[in-house]
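Peer 1: Sharing a structure below in structure tokens format, with a few things to ask.
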Amino acid sequence: MTEEREGEHLLVSRIEDGTVIDHIPDWKAETVTRVLGLDRKAMMKANASVAMLQNVASRQLGRKDIVKVDRWHVKEGDADILCLVFPSITVNYITNGSVAKYSPSVPDLIHGRIRCPELSCISNAEREPVTSEFVTLKADRMLQCAYCDTLLGFDSVPEHVRT
């Protein structure tokens, strides 16, 4: 099912229920799917599907990527973590064909979603009942571990996300 839009064909059909993550910098859609753990989630929920469109023309960005997730809604907290790395992203939640836009924002605190890069940090010890916690230093584009004060740049977040 393709639709016409100003003489062009849509590359992927519309979805009735799910999430569309838009305005991703070009060639970065795989990072988005990895941060969100979409490969595992799509496998666990057999009727969910993921479509990545890469290097698509964009009036705002020149070129961009888009990720469409059919029959699954990305949590707002996960979208906010994506915003650390890709501040330009927008998230559209689609329910019964109706679209609700969400503009992710950089969270002040992040609990449990990011692993501290310092191996000796107490939050990495399996025997300790401690959940990782990071404070956002927005002006410096850094995260600071609440336990060991290790700094992590926003650009390094994808390598440390727990999925």
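Peer 1: Once amide H atoms are built 1.01 Å from N in the peptide plane, which residues 5 or more positions from residue 49, or in another chain, come under 5 Å H to H?
Peer 2: Amide H neighbours of residue 49: 70.
Peer 1: Among 62, 77, 37, which one moves the most in a GNM of the chain with springs linking Cα atoms closer than 10 Å?
Peer 2: Comparing 62, 77, 37 in a Gaussian network model of the chain, the most mobile one is 62.
Peer 1: On to the next question. Evaluate 2.2 N^0.38 Å with N set to the residue count of the stretch 4-102, then give the Cα radius of gyration divided by it.
Peer 2: Rg over 2.2 N^0.38 Å, computed on Cα atoms: 1.03.
Peer 1: Restrict the search to the stretch 71-163; then list the chymotrypsin sites (Phe, Trp or Tyr not before Pro) that DSSP places in a loop and that have at most 11 other Cβ atoms within 10 Å of their Cβ. Don't skip to the answer; put the middle values down first.
Peer 2: Numbers: sites: 72, 93, 102, 134, 147, 154; in loops: 72, 147.
Sites meeting the loop and neighbour criteria: none at all.
Peer 1: Rounding to the nearest 10 and keeping the result within 0 to 90°, find how far the Cα-based axis of helix 76-85 lies from the longest principal axis of the chain.
Peer 2: It works out to around 80 degrees.
Peer 1: So, one more: Quick one: 3J(HN,Hα) in Hz for the stretch 138-154, Karplus 6.51/-1.76/1.60 with θ = phi - 60°, rounded, Gly and Pro as x.
Peer 2: For the stretch 138-154, the Karplus-derived couplings read 4, 5, 9, 6, 9, 10, 10, 5, 6, 9, 10, 6, 4, 9, 9, x, 3 Hz, x marking Gly and Pro.
Peer 1: Further, regarding this structure: So which residue, out of 17, 65, 108, gets the largest mean-square fluctuation from a GNM of the chain using Cα contacts under 10 Å as springs?
Peer 2: 108
Peer 1: For the stretch 66-163, which GluC sites (Glu not before Pro) are both in a DSSP coil and crowded by at most 10 other Cβ atoms within 10 Å?
Peer 2: Numbers: sites: 76, 118, 126, 133, 159; in loops: 118, 126.
Passing sites in the stretch 66-163 are 126.
No lab work stands behind these numbers, since they all come straight from the coordinates. A quick note: this is a predicted structure, and the numbers were derived from the prediction, not measured. All Cβ positions, glycine included, derive from the backbone under ideal geometry; neighbour counts span all protein chains shown.
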